[in-house]
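Accompanying notes for the structure given below.
Every number here is computed from the coordinates shown, using simple stated rules; none is lab data. None of these values were measured; they are calculated from a predicted model. Ideal geometry is used to build each Cβ from the backbone, glycine not excepted, and the neighbour counts take in all protein chains shown.
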Amino acid sequence: MWELFAENVGTVYGNDNLMFKPVGGRLGNANYTFEQIKRGHWRESVYNSLGLLQKAMVQFNRIIGPVANANNWAKAVLQQKINAFNNWLDNALKKLGLFNETGTITGTLVNESGQKLADYLIQIGPRVAITNSQGNFIIRRIPKGEQQIIRIRYQNQTNFQIIDPANKKVNVIKGESVNAQIKIKPR
């Protein structure tokens with residue numbers, strides 16, 4: 001459970017550690033981007049106190065979200081946004097002294113019958129990639145340790161269930177490349 005203090009409004013509570021989605025009170029179900037936070041809708045100290053993954057979720061919504069939510073996204077534009085997001089993350093890792101404490105994930109995204117899935121957006125831990133025409137992806141400079149598969153989406157579709165790996169996690173080893181085949185099905 002986290003708590004946000006809205007300027008001149010009071011305290012808003014939520015149970016989603018990943019996004020700024022205040023519930024209840026006079027603010028309703030408003031979503032606040034990083035820029036709105038910086039402009040004073042939320043105190044900057046709230047954003048600064050978040051962990052890397054939570055900050056990455058805010059930045060994902062700010063940088064990639066508007067393009068990824070389109071019914072028919074342009075892959076080239078989406079790739080530009082993903083690059084901008086990953087550059088932001090590189091800078092964050094450098095500031096935290098974690099830039100050299102990273103590994104690589106290479107993998108393939110398939111459906112339940114084993115068909116490779118092209119042009120899907122995938123987020124593992126704080127990093128984002130898009131699958132190529134063969135369903136393959138590479139995520140470089142991802143922090144070492146166990147990383148959660150956060151989201152998989154295709155255009156505006158996000159309702160996928162991860163079948164494998166069952167724990168929805170990939171263990172990243174510093175300086176090494178690990179292989180991950182991710183199998184999904186529609187919910």
Return the sequence-ordered ³J(HN,Hα) values of region 165-176 in whole Hz as given by the Karplus equation 6.51 cos²θ - 1.76 cosθ + 1.60 applied to θ = phi - 60°, using x for Gly and Pro. x, 4, 7, 6, 9, 10, 8, 9, 10, 3, x, 10
What is the set of long-range amide H partners of R151 at a cut-off below 5 Å, with H atoms built 1.01 Å from backbone N? Q123
Could you let me know the centre-to-centre spacing of region 103-145 and region 52-68, using Cα atoms, in angstrom? 17 Å
Residue-by-residue Karplus 3J(HN,Hα) for region 126-133, coefficients 6.51, -1.76, 1.60, Hz, glycine and proline x: x, 8, 10, 9, 10, 6, 7, 5
Please give the net charge around E112, taking every other residue with its beta carbon less than 15 angstrom from that of E112, where Lys and Arg add +1 and Asp and Glu add -1. +3
Apply the a/c threshold of 1.5 to the C-alpha gyration tensor of region 71-186 and tell me whether it is rounded, prolate or oblate. oblate
Based on a Kirkwood Rh over C-alpha pairs, give the Stokes-Einstein translational diffusion coefficient of region 107-146 at 10 °C and viscosity 1.306 mPa s in µm²/s. 150 µm²/s
Between I163 and residues 5 or more places away or on another chain, the pairs with built amide H atoms under 5 Å apart involve K183, I184, K185
